[in-house]
Amino acid sequence: MKQLAIDTSNLTMALAVAKEQVILGQIQTMGNKNHSVSLMPSIDYLVKSVGWKPNQIEEVLVAIGPGSYTGLRIGVTTAKILASSLNCSLKAISSLKVLAANVRVQDAIIVPLFDARRQNVYAGAYKWQEDQLVAVITEAHYSLSQLIDLVKAYDNVHFVGQDIKKFQQEILASIPKAIFATDELSNYPTAVRLIELAKNEVTVDPLSVVPQYLKRVEAEEKWLIDHQNEEKQSYVEKV
């Protein structure tokens, strides 16, 4: 099977192509958050560089969040359009799970996290069971203190993500034996991990796939507070 993997859920834009789970090529950029400009030209270049035509893609894989609201919309929308127009299968995988897959430590509790500002994080926890990542703490928008309370009961806890340095001191104060990924590349999601995880994921209907933000945007939260006594109506429809 020929696969195209897409992750634009955060600062990184990560793409990869594979045939029968063998990576044929990848593109990864960090630092320039211009996914709307660079994503489609990068996909076109990558597909052509391995000698494929677009209609030869049999499966599209996409990271569906949490992460940047704009980045998620760009990546998920692109993946849905490609899967629909090329009539190929689509699999949608958590961005946190993709990040957790960078830690290959058996018997560890792996905690991937992204900064959600104001001492909050998007996070969850996973562990390896044979060759599958299994969730042990549900992914959600947590305050840092909530997350620490959830994971401090476990042994051999590994934190991973580009934002872990911001929270390292506070985490160590409650979990002195916590381990932090030190390899810079391990702290960023890659499309290669999407391809590795895909074999244990189910195919989804492109029309049903939506970004998993895990938290409403601030404008929507404010609108809901200001209009809580009004007849219930979608914020998007109202705006």
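If you wrap the tightest convex hull around every Cα atom of the stretch 103-187 and split its volume per residue, you get 85 Å³. Taking 0.36 nm per residue of sequence separation and removing the Cα-Cα distance, the VAL22/THR182 pair yields an extension gain of 54.9 nm.
Measuring nothing but how far apart in sequence close Cα pairs (under 8 Å, 6+ apart) lie, relative to its length, the chain scores a relative contact order of 21 percent. Taken over the stretch 41-141, the percentage of Cα pairs per 5 Å bin, counting from 0 up to the bin with the maximum distance, is 2, 12, 17, 18, 16, 14, 12, 7, 1, 0.
I need to check one value: relative contact order of the stretch 103-187, counting alpha carbon pairs closer than 8 Å and at least 6 residues apart, in percent. This gives 29 percent for the stretch 103-187.
In plain terms, the chain from VAL105 to THR70 could stretch by 9.4 nm, reckoned as 0.36 nm per residue minus the Cα-Cα distance. Compute the FRET efficiency between SER208 and GLN129 as 1/(1 + (r/R0)^6), taking r as their Cβ-Cβ distance and R0 = 22 Å, and round to the nearest 0.05. After rounding to 0.05, the efficiency reads 0.20. With both labels modelled 7 Å from their Cα along Cα-to-Cβ, the TYR45 to SER84 distance reads 2.8 nm. When Rg and Dmax are taken over the Cα atoms of the chain, they come to 18.5, 58 Å. Between ARG117 and HIS141, the contour length at 0.36 nm per residue exceeds the alpha carbon distance by 7.6 nm. Protection proxy ranking, highest mean first, for peptides 94-104, 21-31, 118-128: 94-104, 118-128, 21-31, where packing is the per-residue count of other beta-carbon atoms within 10 Å, averaged.
Listed by chain and number, the lysines whose alpha-carbon sits under 28 Å from that of LYS177, ignoring those within fewer than 8 places in the same chain, are LYS97, LYS127, LYS152, LYS165, LYS166. Where both residues lie in the chain, what percent of DSSP beta bridges are antiparallel, nearest 5? DSSP beta bridges in the chain are roughly 65 percent antiparallel.
Every read-out reported here was derived from the displayed coordinates using simple, explicitly stated rules and does not represent laboratory data. The model shown is predicted, which means the values in this text are computed figures rather than measured ones. Cβ: placed from backbone, ideal geometry, glycine included. Neighbour counts: every protein chain shown.
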